[in-house]
Amino acid sequence: MPAATPVASAPPGAGPLSPQALSAPVVQQVKQLSLGAGITLIGLGLGFLALRMRRSD
């Protein structure tokens, strides 16, 4: 059987999703958004559990 030859591809970082350095304000905004979303989801989960426990009696 003939050996398989690797196919030439584009160099890493040439695609549309290539990694890029972000500026500090953008990173800070993303962290704040993630924190706020997490706190909101925890609050909704606790509220849901409280309602379910109240109705089970």
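The values are calculated or read from the model by the stated rules, or taken from the named source; none is laboratory data. Since the model is a prediction, treat every value here as computed from it, not as a measurement. All Cβ positions, glycine included, derive from the backbone under ideal geometry; neighbour counts span all protein chains shown.
Checking Pro12, Pro2 one by one, the residue that is outside any helix (DSSP H, G or I) and either surrounded by 10 or more Cβ atoms within 10 Å (Cβ to Cβ) or modelled with pLDDT of 60 or more (or both) is Pro2 and no other. Considering the conditions (1) modelled with pLDDT under 80; (2) surrounded by 10 or more Cβ atoms within 10 Å (Cβ to Cβ), Leu41 is excluded by exactly one of them, (1).
Only a single criterion out of (1) surrounded by fewer than 10 Cβ atoms within 10 Å (Cβ to Cβ); (2) at pLDDT below 80 is not satisfied by Leu33, namely (1).
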